[in-house]
């Protein structure tokens, strides 16, 4: 069951971002220090805090601090704050190896929301059998999708393991903060060729101690 359509409180606690560039089919983040430059995440494997997934209305514009208005729940959408806002989601993800810590992953692109809806379905199907644990999610490839907007790349997000909640991920949702936040603009589309679309079935889940994140 999809957690949202791709068409509360305001704002959110500021964290270092993790972003997905659908035009390039690539992931990015940066170090948690002043003036850090973003870098490409070549192995997007991380713990996803699906228990605290949030949806809402997001406004991202070049040179303007982002504004976020969250839904009261996944099943109840907040009213649109106004022109320019898009439906989106936000979730904390953690990997000390690949992301250098906890990162905030959010998006409003329909192709990314579709990927997260697929992931949400898989999480719902497996959560009861893995009570108290969080999924380790890996981007196993991308699928090209061509429409009037050109070609974008849908990430294939697969649950490869279930682990106990890392101490780095708080159990409760982030505390609200002022709606306007300073954030780096999204990375420009890469000029090199995007990664190839996955043509083989995704790997089966493996033991947690065999997954590095």
| remark: Selection over the stretch 159-182 where residues are in contact with a helix residue (DSSP H, G or I) (Cβ under 6 Å, 6 or more places away or on another chain) and modelled with pLDDT under 95 yields a count of 1
| query | Looking at (1) over 23 Å from residue 213 (Cα atoms); (2) at pLDDT 95 or above, which is the one condition that is false for residue 137? | reply | (1)
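Condition check ((1) over 11 Å from the mean Cα position of the chain (by Cα); (2) at pLDDT below 95; (3) assigned to a loop (DSSP other than H, G, I, E, B); (4) over 25 Å from residue 166 (Cα atoms)) across all residues:
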position: 4; (1), (2), (3), (4): yes, yes, yes, yes
position: 7; (1), (2), (3), (4): yes, yes, yes, yes
position: 32; (1), (2), (3), (4): yes, yes, yes, no
position: 46; (1), (2), (3), (4): no, no, no, no
position: 57; (1), (2), (3), (4): yes, no, no, yes
position: 60; (1), (2), (3), (4): yes, yes, no, yes
position: 66; (1), (2), (3), (4): yes, yes, no, yes
position: 78; (1), (2), (3), (4): yes, no, yes, yes
position: 105; (1), (2), (3), (4): no, no, no, no
| query | From the list 89, 94, 105, which one is within 20 Å of residue 29 (Cβ to Cβ), surrounded by 21 or more Cβ atoms within 10 Å (Cβ to Cβ) and in contact with a helix residue (DSSP H, G or I) (Cβ under 7 Å, 6 or more places away or on another chain)? | reply | 89
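Restricting attention to the stretch 10-30, and to residues there that are outside any strand (DSSP E or B), modelled with pLDDT of 95 or more and out of contact with any helix residue (DSSP H, G or I) (no Cβ under 9 Å at 6 or more places or on another chain), which single residue is surrounded by the fewest Cβ atoms within 10 Å (Cβ to Cβ)?
23
The values are calculated or read from the model by the stated rules, or taken from the named source; none is laboratory data. The structure presented is a predicted model; accordingly, all values stated were derived computationally and were not measured. So basically every Cβ, Gly included, is an ideal-geometry build from the backbone, and we count neighbours across all protein chains shown.
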